[in-house]
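The values are calculated or read from the model by the stated rules, or taken from the named source; none is laboratory data. This is a predicted model, so every value here is computed, not measured. For neighbour counting, all protein chains shown are included, and Cβ atoms are generated from backbone atoms with ideal geometry for every residue, glycine included.
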Amino acid sequence: MNRNDRAITGFVMAGHGLVHTYELSIPILLTVWLVEFPVTSATLGTVVAVGYGLFGVGALPAGVLVDRFGSRALIVACTLGMGVSFLLLAVLPGVAGITVALAVWGIAASVYHPAGLTLISKGIEERGAAFAYHGMAGNAGIVAGPFLTAVLLLAVEWQVAVAVLAVPALVASAVGLRVEFDETAALAATDGGDAPATDIDSLSEFLSASRGVFTVGFLAVFALVMFNGLYYRGMLTFLPDMLSGFLDPLFGASEEVGPVSKGPVASEFDLSRYLYAGLLAVGIGGQYVGGRLTDAMAPERGLAAMAGALVVIALLFVPASESLPALFAVSVALGFTLFGMQPLSQATIAKFSPPDHRGLSFGYTYLAIFGIGALGASITGAVLTYGSTQLLFVVLACFEAAALALGLFLVFRRE
């Protein structure tokens with residue numbers, strides 16, 4: 001990599017890692033809010049869905065803003081907004097305050113993926129290496145979010161913990177304004193290459209481009225990633241709390257794990273939080289294997305296989321909770337498969353989308369995954385409130401079964 005490539009790579013790695021750090025800290029904080037506030041899982045699930053929903057919905061207009069204002073400005077705005085949102089989370093009172101703060105986070109975070117991916121495609125000549133480092137940084141954030149939050153909550157009140165978590169984003173914003181790089185350095189070298197080449201300047205152009213994107217194949221991919229997004233968000237949002245319920249009978253509800261805490265909610269944090277962080281860490285290996293599979297087979301085939309595995313994992317989760325080794329095994333399988341599916345999803349999106357509107361295609365699919373998929377948090381909370389844990393995993397299996405059916409449709413349609 002040349003100097004410009006390295007500067008951009010470091011910049012986007014910081015942004016990507018922070019986005020996912022905050023995204024995955026929220027489920028850990030949710031376990032505290034369930035104890036502190038006299039509201040149901042359904043209510044808090046809906047509150048979280050607001051932030052996660054805006055995280056996805058904002059991706060589509062963010063793609064247009066990137067073309068207008070450039071990637072650096074939007075990524076700095078993203079990190080600054082995320083830092084401010086966690087400061088708001090520390091000071092705004094009650095569930096209403098949490099809702100406002102998470103909404104601010106969702107709007108700010110939604111900007112990152114269109115801006116970051118555009119910056120890599122336009123500014124970096126060695127894109128393959130940049131995308132690899134970019135993905136690794138995202139996975140590091142996915143692991144760091146729940147782990148750092150759990151560790152902070154061992155020592156301090158949750159309001160102090162979120163204020164501390166705000167600091168890295170604020171620092172990254174200041175550094176991002178000073179780092180030097182050329183956002184379009186790679187365009188001449190690649191002569192357009194596989195970078196998005198859509199200049200949408202009006203509503204009519206946007207509608208025309210959208211009609212070109214939504215072929216039958218892409219519509220199937222859109223629906224597939226939407227169902228997978230419902231599974232992803234529904235599974236991960238309340239999983240720390242469910243793991244705690246599974247582990248309490250196996251270890252004893254009163255058994256402490258880790259150092260003696262100074263925080264008033266520390267007793268609520270046990271091995272389940274570290275198991276949750278661990279299964280997310282396994283996802284790094286899943287990402288690597290999923291990426292290799294995109295070179296070894298048609299991506300829609302691998303995508304269908306991963307979806308089938310996730311159906312089985314959901315149905316086995318509750319029976320596996322009766323044994324510690326089985327629970328660890330199914331948790332590892334979940335982390336590996338859930339994140340191993342992501343490179344295959346991206347490759348399938350690219351395969352079934354027109355090259356001249358690739359950026360718009362990714363905007364729509366991020367809307368499906370993170371926007372519509374955010375309803376998974378609300379649905380999960382409602383099922384846990386009015387149904388049972390067993391029913392929840394059946395619902396999640398149904399989401400992924402729909403994704404499996406669409407994956408098989410793509411496989412046999414191509415054949």
Selected residue (only one of Thr380, Thr365 is farther than 24 Å from Thr31 by Cα, hydroxyl-bearing (Ser, Thr, Tyr) and within 21 Å of the chain's Cα centre (by Cα))
Thr365
Being of a type in the set (A, V, I, L, M) and either within 15 Å of the chain's Cα centre (by Cα) or more than 13 Å from Ala161 (Cα to Cα) (or both) is the filter here, so list the residues in segment 17-29 that pass it.
Leu18, Val19, Leu24, Ile26, Ile28
Just one listed residue, out of Val100, Val50, Val64, Val91, is within 20 Å of Gly376 (Cβ to Cβ) and either of a type in the set (Val, Ile, Thr) or modelled with pLDDT of 95 or more (or both), and it is Val50
For segment 1-12, pairs from a residue that is more than 18 Å from Val76 (Cβ to Cβ) to a residue that is buried (at least 18 other Cβ atoms within 10 Å of the Cβ) and of a type in the set (S, T, N, Q), with Cβ under 8 Å and 6 or more apart or across chains, are Met1/Thr9
When you scan segment 113-123, do you find a residue that is among the aliphatic types (A, V, I, L, M), touching a helix residue (DSSP H, G or I) at 6+ places or on another chain (Cβ under 6 Å), crowded, with 24+ Cβ neighbours inside 10 Å and modelled with pLDDT of 90 or more, even just one?
no
Kindly establish whether Thr294 is surrounded by fewer than 23 Cβ atoms within 10 Å (Cβ to Cβ), under 21 Å from the mean Cα position of the chain (by Cα) and of a type in the set (Val, Ile, Thr).
yes
Filtering helices (runs of 4 or more DSSP H) wholly in segment 35-135 for at least 3 residues that are free of Cβ contacts under 8 Å to residues at least 40 places away in the same chain gives 59-69, 71-91, 94-110
Anything in segment 47-60 that is over 15 Å from the mean Cα position of the chain (by Cα) and closer than 9 Å to Pro114 by Cβ? List them, or say none.
Leu60
Between a residue in segment 195-213 that is of a type in the set (Asp, Glu) and any residue that is at pLDDT 65 or above, which pairs come within a Cβ distance under 7 Å, given they are 6 or more apart or on different chains?
Asp199/Asp67
Just to verify a result, which residue in segment 241-275, among those that are under 24 Å from Ala140 (Cβ atoms) and modelled with pLDDT of 80 or more, is surrounded by the fewest Cβ atoms within 10 Å (Cβ to Cβ)?
Leu275
Please work out which residue is surrounded by the most Cβ atoms within 10 Å (Cβ to Cβ), limiting yourself to segment 182-208 and to residues that are modelled with pLDDT of 75 or more and under 27 Å from the mean Cα position of the chain (by Cα).
Glu183
Selection from segment 76-102 of residues that are within 17 Å of the chain's Cα centre (by Cα) and either surrounded by fewer than 18 Cβ atoms within 10 Å (Cβ to Cβ) or within 29 Å of Ala186 (Cβ to Cβ) (or both)
Cys78, Thr79, Met82
In this structure, is Glu36 at pLDDT 85 or above and in contact with a helix residue (DSSP H, G or I) (Cβ under 7 Å, 6 or more places away or on another chain)?
no
Just name the residue that is modelled with the lowest pLDDT out of those in segment 210-238 that are under 13 Å from Phe362 (Cα atoms) and touching a Ser or Thr at 6+ places or on another chain (Cβ under 7 Å).
Val213
